[in-house]
């Protein structure tokens, strides 16, 4: 925003907003819920970055933030017609996440039970990002129009929640903090 340009527009004061393409919709619209939750995920990803001490991981997370903005824009578009010229996520982005998950998993101990999302702020923040990611995925499914770009975005977000789970485990491993198992049976 340039100097003198106001952040507020008054156009949303009646509970509506515009999608990319100009269509006005209620702020409760499923597309708004989807890209709003993706934006929340992006903000939590920033918190994970701030709590992370490993520069390569920080850089990877910043790349994820860029991809999240691309996914947000796809769901902010009124239709697939307006998605054509937007940045998106692609199969190679999904493969990039899978490679990083596999790389982190190589050093982690085998998981034999559910674990509680706690132990250190970095661990907990990665788990919060994971759960917000799952909620974003549910919102995206409700708003899914069937476009190929949105399908790739759904795959990316699905894999991203797996990434945040493994990242939380990696943080625990790197910090030498024992994972807290949840016993399913007494």
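The relative contact order of the chain, computed from alpha carbon pairs under 8 Å that lie at least 6 residues apart in sequence, is 26 percent.
Packing-based ranking of 105-116, 53-64, 28-39 yields 28-39, 53-64, 105-116, ordered from highest to lowest mean Cβ neighbour count within 10 Å. Adding -39500 (n - 2.57) for every DSSP H run of four residues or longer, then dividing by how many residues the chain holds, sets the calculated 222 nm ellipticity at -20500 deg cm²/dmol.
For the chain, a Kirkwood hydrodynamic radius built from all Cα pairs, placed in the Stokes-Einstein relation at 10 °C and 1.306 mPa s, yields a translational diffusion coefficient of 89 µm²/s. Using R0 = 25 Å, the C-beta based FRET efficiency linking residue 176 and residue 66 works out to 0.20. Angle of helix 148-174 to the longest C-alpha principal axis of the chain, folded into 0 to 90 degrees and rounded to 10: 30°.
Fewest neighbouring Cβ atoms within 10 Å first, the residues 135, 142, 169 line up as 142, 135, 169.
Between residue 138 and residue 103, full extension at 0.36 nm per residue minus the direct alpha carbon distance yields a gain of 9.9 nm. Here the Kirkwood formula puts the hydrodynamic radius of the range 1-111 at 16.5 Å, using every distinct Cα pair.
Read the figures in this text as sums done on the coordinates, not as results from a lab. In this text the structure is predicted, and so the values were computed from the model without any measurement. Using ideal geometry, Cβ is built from the backbone for each residue, glycine included, and neighbour counts are taken over all protein chains shown.
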